[in-house]
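These notes concern the structure reproduced below.
Just so you know, all these numbers are worked out from the coordinates, no wet-lab data involved. Because the structure is predicted, anything quoted here is derived from the model rather than measured. As a convention, Cβ positions derive from the backbone with ideal geometry for all residues, glycine included, and neighbour counts pool all protein chains shown.
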Amino acid sequence: MNSFERILATAQGAPVDRRPFSLLLSLYGAGIINAPLKEYYSNSDIYCEGQCAAYETFKPDFIYAPFSVPLLGAAFGSELKYFENFPPNLRKPIFSNPDAIATLPPPKAENFPKLKYFLDIVQKLSSKYTTQVPVAAITLNPVDIPIVLFGLEKWLEIVLFDKTGTKKILDYTIPFCLDFNSSLLANGTTFLVMPSVFLNPSIVTREIVENFLPIINSFNSETKGYIINHSGGTRFLPFIDLYKDSPNTIAYVVSGDEDLKIARAKLGTKKILAGNINGPELINLSPEKIYKNTISILELMEDDPYFVLATSNADIPLKTPIEKIKMIKEAINEKARILYARSKI
C-alpha cells in the first residue's frame, strides 16, 4: 500500500499493511538541507527541498506545508521575529482595535501576496508526490485567526467585552478563511490542518467554545475538503467531544500527554484519532526510549483500526538526531512483522 491507500483504508476502518504514521517535520527539513530559517520560511523552493529531503529520509504517511501560525500573521502585515533553530514567532500584531479590520483589502487570498508562499508549496509538493502521499497544510478557522491579527490578549478582550467588534472581525475572517482554504485545496492540498490556537482550554471556557460552535460548524460545512482538527500542542480532551461531529472533519490530533483511550471514548469509534508522541521531546530521549514508547502506544491502540500514530504538539526540533526519529518507523515495522506472523499461525 502507498500512503494515500493506507490513510484511506484507515479512514474506513479497513485493514492496512502497517500502522500509518505522521511526523511533523516542517521545521526539520531545514536542518537536513542546512537552510537558514529566514530563507526556508520565505522561499517556497527551499522549503520544498527540505520537505522532500525529510520525506525521503523517513518515509512518513503525510508531508506537511509549513506548520507556522505566525507566518499567516505576516501575510497580513504582522511583524515576525526569526530564530536560528526555531520557527518564526509574532513580534507585533498588526492591529489593536476591531475597526482597523476595515483597512484590509477584500477577504480573498489573492489580495495577500505572502500567502503565495503557502500555495506554491502545496502545489509543488502535490505535483511531485501526486497520489502517493497526502499533503497537509496548516490553516485556521475564522475564530482562531484573529490571534495573528490582534494578538491573544486583545482578541480575548474583544470576544469577552465587545460583541460588535467580534462580529465585525468575523464578518471579515469567515470569507477570508473560506477563500484561503479553497485556494489551498485548488493547489493540491489533501488535508487542511486546523490547530486550536484560541479555542482551547488554556485560554477560553467551554461556554465560549459552545457559543462559537455554530459558526465553526457552518464554516467547516462550507469548507469543501477534509479537515484535521489539531490540538496545537495544548490540551484537547476537555473540548474534543464538542468537535466530534463537526462537518468534513476526518481526524483529530491530541497532545502528547493526553490519554488516547479517553480521547477515543469521547470521540466515538469511527473517527481517525492521531497522536501520541510528543514531537518536541524527542531530542531529549534516547533512541531506546523512543522505540519503547512507540511500541507501548502501538500495543495500547493495537485493536483500534482508526488510529494513526503521530508526533503531537509542535515541530520535531531541528537538532534532533536522525537515528532517534528513525526509531519510530522501526517500531512500526516491528509491530507489522509481529502482526503478520500472528496472521500466519
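Observations
- Hydrodynamic radius by Kirkwood, which averages 1/r over all alpha carbon pairs of the stretch 3-343, in angstrom: 20.3 Å
- Per-residue Cβ neighbour rank within 10 angstrom, fewest leading, 91, 264: 91, 264
- Ranking of 150, 176, 161 by neighbouring Cβ atoms within 10 Å, starting from the fewest: 161, 176, 150.
- Among 290, 123, 230 - extreme Cα towards positive end, dipole of the chain, charges at beta-carbon: 290
- Between residue 116 and residue 14, residue separation times 0.36 nm minus the direct Cα-Cα distance comes to 33.0 nm.
- Nearest 10 degrees, 0 to 90: helix 116-129 Cα axis against the chain principal axis: 20 degrees
- Of all DSSP beta bridges in the chain, antiparallel share, percent nearest 5: 10 percent
- Computed on the Cα atoms alone, the convex hull of the stretch 269-340 gives a volume of 80 cubic angstrom per residue.
- Counting neighbouring Cβ atoms within 10 Å and putting the fewest first, the residues 241, 120, 45 line up as 45, 241, 120.
- Restriction of the GluC sites (Glu not before Pro) in the stretch 68-156 to DSSP coil positions whose beta-carbon has at most 15 other beta-carbons within 10 angstrom yields 84.
- Dipole in debye (nearest 20) - the chain, about Cα centre, beta carbon charges: Lys, Arg +1; Asp, Glu -1: 480 debye
- Largest first, the extents of the alpha carbon coordinates of the stretch 95-159 on the three principal axes equal 45, 22, 13 Å.
- Farthest towards the positive end of the charge dipole of the chain, among the residues 132, 77, 95, is the Cα of 132, using unit charges on the Cβ of Lys, Arg, Asp and Glu.
- FRET E, pair residue 186, residue 334, Förster distance 35 Å, beta-carbon r, rounded to 0.05: 0.30
- nm² value of the averaged projected area, convex hull over the Cα atoms of the stretch 173-305: 9.1 nm²
- For the stretch 31-102, convex hull volume per residue from C-alpha positions, Å³: 97 Å³
- Pairs beyond 24 Å (Cα-Cα), from 59/335; 81/114; 81/124; 38/124; 289/335; 289/329: 81/124
- Remark: the residue 132-residue 100 segment gains 7.1 nm on full extension, using 0.36 nm per residue and subtracting the alpha carbon distance.
- Per-residue extension of 0.36 nm, minus the Cα-Cα distance of residue 85 and residue 245, leaves a gain of 53.8 nm for this segment.
- Computing FRET efficiency as 1/(1 + (r/R0)^6) for residue 303 and residue 211, where r is the C-beta to C-beta distance and R0 is 45 Å, gives about 0.75.
- Value at 222 nm in deg cm²/dmol, rounded to 500, when DSSP H runs of n ≥ 4 in the chain each add -39,500 (n - 2.57): -14500 deg cm²/dmol
- Under a Gaussian network description of the chain, with springs only between Cα atoms under 10 Å, the residue in 320, 131, 164 that fluctuates furthest is 164.
- Nearest-ten-degree value, helix 152-161 long axis tilted from longest Cα axis of the chain: 60 degrees
- The chain - percent relative contact order, Cα under 8 Å, separation 6 or more: 20 percent
- Most mobile of 260, 237, 285 in a GNM of the chain (Cα contacts under 10 Å): 285
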